[in-house]
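J.: Right, I'll just put the structure down here and ask away after.
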Amino acid sequence: MSAPAVLAKHLSRSFGATRALVDVSFEVRGGTVCALLGRNGAGKTTAVRILTTLLRADGGSALVDGFDVSTQAHQVRTRIGVTGQSATMDELLTGSENLETIGRFCHLGAGAARRRADELLRQFDLLNAGNRLVKRYSGGMRRRLDLAASLIAEPNMLFLDEPTTGLDPVSRGEMWAYIRGLVSAGTTVLLTTQYLDEADRLADTIVVIDRGLVVARGTPEQLKSSIGRPFLRVTLPDASGAATDQVRQLLGDEAEVQGRSVSAPAADGLTTLSEVVGQLRRLGIATHEVGLELPSLDEVFSSVTDHSAGPEPSPTPVGGEA
Amino acid sequence: MSQPSLPTRSRLGGGVRDAYTATRRFLIRGRRQPDVIFGSVLIPVIFVVLFGYVFGSSISIPGGNYRAYLMPGLFAMSILFNSNNVAVAVATDMSEGVVDRFRTLPIARSAIGVGRSVSSLLLGVPVLMVMILCGLAVGWRVEDGLGNAVLAFLLFELFGFAIGWLGILVGLLAGSAQAADVIISIPTFLLGFISSVFVDPSKMPTWLRLIAYWNPMSAVVTAGRQLFGNTIGPPPSGVWSLDHPIVTTVGLALLIVLIVVPICVRLYSRSTR
Ligand SMILES: Nc1ncnc2c1ncn2[C@@H]1O[C@H](COP(=O)(O)OP(=O)(O)OP(=O)(O)O)[C@@H](O)[C@H]1O
Ligand SMILES: [Mg+2]
């Protein structure tokens, strides 16, 4: 298991004057989940479309399972499953007809395609809707059907472009469970998301893209720790002066008071927390809550994609087109 | 899990199977669009009434019954209109995500186009049946044997297959269904009306007459009239394509197929936009 499942090198792609991808390189190890994280228009979909043979890159190269996406598209297509950002199911076909058609296109044969369709409908809780036209499906049902469609040939490499956008919290949790199940069965997943908690929960590695460039990468923990230290927060029952002063002294020079809570960086994390709790008890200070706050990916995200520092993303002209 | 054994068939076999799957999909879709079916049956019927009786009562064709002259023209028109439907349907398909899904599957590059064109021919058959019944009802007859009549319809279908691919091409190039509709309606209209489909071009002004004579639709319709034995009508035009209408139609159809099919196949599988 040495060759990565996905290897993208210096991918670039422009649409007229819009530089959707400027220079994006990353790799995904087999059997892991990689999340491409970025704001609207960051270039996530463009990257996924290039890797799934739907779009040609202007520059750079990409291998999926060792095959070049531009010169060996057919081999790549036999190995991947794709759920795009927008629905790809035929509205005038039923759920099961859609899946069956795709099964036949994956050369399962008529009988096997039919059985696989039923199996997936059951797995995705769509068995009762199997004979209904897709145009009568709800958004969540469509999303599930689309995911089911990408699993028909049991690919070991799955691309999911914003798999949970538009889903309610329950359906989203279910989608996460499906994805985790696939990963534990050995599937490699590249997903895109705008949700940090999603990347945090699902991904082994995160690649943050902004304006067509990779601005950060690493495990969720690496990203969090690279950006800041944990904070300790002590919340008192009320904002009375005496106790607040005591706590502030206890927490040191960097302590900050906000209403009835006092917070300070906790360099040693849990050790600092237990020391502080011990001292609070010894001093007899009643507290409402004491807690350690890890920096969230939100902070990572806003610090690496901070647009206030530079000009707004504006189309950078390329080439000689006017 | 029972992993299906990978097919080791020839590329041709795989291509035929994929084309069959695609055709099947388009036929299911076609059945679910009663409005389109209704429209494509209704328009030719309206034409029979409109041209057979409304205009027809003041159109005279030398030596006979105008409606017998008209019907082969209307058969050809219904085939021409079919390519309009194809263009709109292809453009609609392209603007939805379905084609993206197909392009990530390991299918033969020609499958979607072939499926589209074969299914549209099949869906056109019932329309043609209705037209034939209408024709028989208004006095059109097969006058040169059933064998030749069958040949005539096969010729029409061949022509329909070819211009169906032109419809696919327009659908692939147009940005939207509306655009496809506009782009293909204009040539359809001109091809249909500046020809010998409805009238005898010999009375047109010279420049228009030349266009009408050389119009491929005139050749197709003339071929049909010959094979049906509906040989009433205008005197010989002296134009090569009308003197050899069957050869012209077959040649033209093959030419269109040879040029347009590879372009469409490329466009369908293009890593695009
Ligand atoms: N077909 C296209 N034609 C023109 N511009 C395009 C096209 N596709 C993408 N773009 C532009 O490229 C940039 C990146 O788009 P992309 O869809 O990759 O973003 P994204 O990260 O997926 O965003 P979102 O979160 O909104 O889905 C955007 O500025 C977009 O407008
Ligand atoms: Mg996107």
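The values are calculated or read from the model by the stated rules, or taken from the named source; none is laboratory data. Predicted, not measured: the structure shown is a model, and the values here were computed from it. All Cβ positions, glycine included, derive from the backbone under ideal geometry; neighbour counts span all protein chains shown. Ligands, DNA and RNA are excluded from the accessible area calculation, which covers all protein heavy atoms including side chains. Shrake-Rupley method; radii C 1.70, N 1.55, O 1.52, S 1.80 Å.
J.: Among A:187, A:193, which is the only one that is within 16 Å of ligand 1 (Cβ to nearest atom) and hydroxyl-bearing (Ser, Thr, Tyr)?
T.: The match here is A:193.
J.: Hand me the list of helices (runs of 4 or more DSSP H) wholly inside the stretch A:38-107 holding 1 or more residues that are more than 12 Å from every other protein chain (Cβ to nearest Cβ) and either in contact (Cβ under 8 Å) with a residue 60 or more places away in the chain or within 14 Å of ligand 1 (Cβ to nearest atom) (or both).
T.: Here the list reads A:44-51.
J.: Which condition number in (1) in contact (Cβ under 8 Å) with a residue 40 or more places away in the chain; (2) under 30 Å from residue A:89 (Cβ atoms) is the one that residue A:237 fails?
T.: Evaluating residue A:237 over (1) in contact (Cβ under 8 Å) with a residue 40 or more places away in the chain; (2) under 30 Å from residue A:89 (Cβ atoms) leaves (2) as the failure.
J.: With A:133, A:127, A:160, A:145 as the choices, which residue is closer than 21 Å to residue A:44 by Cβ, aliphatic (A, V, I, L, M) and out of contact with any Pro (no Cβ under 7 Å at 6 or more places or on another chain)?
T.: Being closer than 21 Å to residue A:44 by Cβ, aliphatic (A, V, I, L, M) and out of contact with any Pro (no Cβ under 7 Å at 6 or more places or on another chain) holds for just one of A:133, A:127, A:160, A:145, which is A:160.
J.: Another one. Checking residue A:101 against (1) open to solvent by 10 Å² or more (accessible area, probe 1.4 Å); (2) touching a helix residue (DSSP H, G or I) at 6+ places or on another chain (Cβ under 6 Å), which single condition isn't satisfied?
T.: Looking at each condition in turn, residue A:101 falls short on (1).
J.: In the stretch A:130-140, what residues are open to solvent by less than 40 Å² (accessible area, probe 1.4 Å) and either within 11 Å of chain B (Cβ to nearest Cβ) or touching a residue at least 40 places away in the same chain (Cβ under 8 Å) (or both)?
T.: A:133, A:134, A:137
J.: Filter the stretch B:194-246 down to the residues that are open to solvent by less than 40 Å² (accessible area, probe 1.4 Å) and β-branched (Val, Ile, Thr) and list them by number.
T.: Passing the criteria: B:197, B:220, B:221, B:222, B:239.
Listed here are the residues, each with its yes/no results for (1) over 28 Å from the mean Cα position of the chain (by Cα); (2) more than 16 Å from ligand 2 (Cβ to nearest atom).
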site: A:60; (1), (2): no, yes
site: A:68; (1), (2): no, yes
site: A:81; (1), (2): no, yes
site: A:87; (1), (2): no, no
site: A:101; (1), (2): yes, yes
site: A:120; (1), (2): no, yes
site: A:123; (1), (2): no, yes
site: A:126; (1), (2): no, yes
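J.: Condition first: in contact with a Pro (Cβ under 8 Å, 6 or more places away or on another chain) and within 16 Å of ligand 1 (Cβ to nearest atom). Can you find one or more residues in the stretch A:18-28 that meet it?
T.: Checked the stretch A:18-28: at least one residue is in contact with a Pro (Cβ under 8 Å, 6 or more places away or on another chain) and within 16 Å of ligand 1 (Cβ to nearest atom).
J.: Among the numbered conditions (1) modelled with pLDDT under 80; (2) open to solvent by 60 Å² or more (accessible area, probe 1.4 Å); (3) of a type in the set (A, V, I, L, M), tell me where residue A:266 comes up short.
T.: (2)
J.: Give me a count of the residues in the stretch A:211-245 that are open to solvent by 80 Å² or more (accessible area, probe 1.4 Å) and modelled with pLDDT of 75 or more.
T.: Result for the stretch A:211-245: 6.
J.: Can you tell me how many residues in the stretch B:74-133 are out of contact with any helix residue (DSSP H, G or I) (no Cβ under 7 Å at 6 or more places or on another chain) and away from every other protein chain (no Cβ under 13 Å)?
T.: Count: 5.
J.: If you go through the stretch A:185-196 one residue at a time, do you hit one that is among the small types (Gly, Ala, Ser), at pLDDT 90 or above, open to solvent by 20 Å² or more (accessible area, probe 1.4 Å) and more than 15 Å from ligand 2 (Cβ to nearest atom)?
T.: Looking for residues that are among the small types (Gly, Ala, Ser), at pLDDT 90 or above, open to solvent by 20 Å² or more (accessible area, probe 1.4 Å) and more than 15 Å from ligand 2 (Cβ to nearest atom), one finds at least one in the stretch A:185-196, hence yes.
J.: Yes or no: residue A:167 within 16 Å of ligand 1 (Cβ to nearest atom) and either within 15 Å of residue A:87 (Cβ to Cβ) or open to solvent by less than 50 Å² (accessible area, probe 1.4 Å) (or both)?
T.: Here the answer is yes, as residue A:167 does meet what is asked.
J.: If you don't mind, another one. Any chance the stretch A:113-129 includes a residue that's more than 9 Å from chain B (Cβ to nearest Cβ), closer than 16 Å to residue B:32 by Cα and not aromatic (Phe, Trp, Tyr)?
T.: no
J.: Can residue A:191 be described as in a helix (DSSP H, G or I) and within 20 Å of residue B:101 (Cα to Cα)?
T.: Answer is no for this residue.
J.: Could I ask something else about it? Could you name every one of the helices (runs of 4 or more DSSP H) located completely within the stretch B:82-177 that has at least 2 residues being of a type in the set (A, V, I, L, M) and within 28 Å of residue B:67 (Cβ to Cβ)?
T.: B:111-137, B:146-173
J.: crowded, with 23+ Cβ neighbours inside 10 Å and either under 25 Å from residue A:84 (Cβ atoms) or without any contact (Cβ under 8 Å) to a residue 12 or more places away in the chain (or both), is that true of residue B:109?
T.: no
J.: Return the residue satisfying two criteria in turn: it lies in the stretch B:3-31 and is at pLDDT below 70 and more than 8 Å from chain A (Cβ to nearest Cβ), and of such residues it is surrounded by the most Cβ atoms within 10 Å (Cβ to Cβ).
T.: So the residue we want is B:9.
J.: A follow-up question, please. For residue A:80, indicate whether it is in contact with a helix residue (DSSP H, G or I) (Cβ under 6 Å, 6 or more places away or on another chain) and under 22 Å from residue B:103 (Cα atoms).
T.: So residue A:80 does not fit the description; no.
J.: Cβ-Cβ below 6 Å, separation at least six or inter-chain, first residue in the stretch B:32-60 and more than 14 Å from chain A (Cβ to nearest Cβ), second part of a helix (DSSP H, G or I) and among the β-branched types (Val, Ile, Thr): which pairs?
T.: Final answer for the pair search is B:40/B:127; B:41/B:127; B:41/B:130.
J.: Can you spot a residue in the stretch B:190-213 that is among the β-branched types (Val, Ile, Thr) and in contact with a Lys or Arg (Cβ under 9 Å, 6 or more places away or on another chain)?
T.: no
J.: Looking only at the stretch A:1-37, count how many residues are within 14 Å of another protein chain (Cβ to nearest Cβ) and away from ligand 2 (no atom under 16 Å from the Cβ).
T.: 2
J.: Which residues, counting only those in the stretch B:58-86, are hydrophobic (A, V, I, L, M, F, W, C) and touching a strand residue (DSSP E or B) at 6+ places or on another chain (Cβ under 9 Å)?
T.: Scanning the stretch B:58-86 gives B:68, B:70.
J.: Looking at the stretch A:169-181, is at least one residue more than 14 Å from chain B (Cβ to nearest Cβ) and within 11 Å of the chain's Cα centre (by Cα)?
T.: Yes - at least one qualifying residue is present in the stretch A:169-181.
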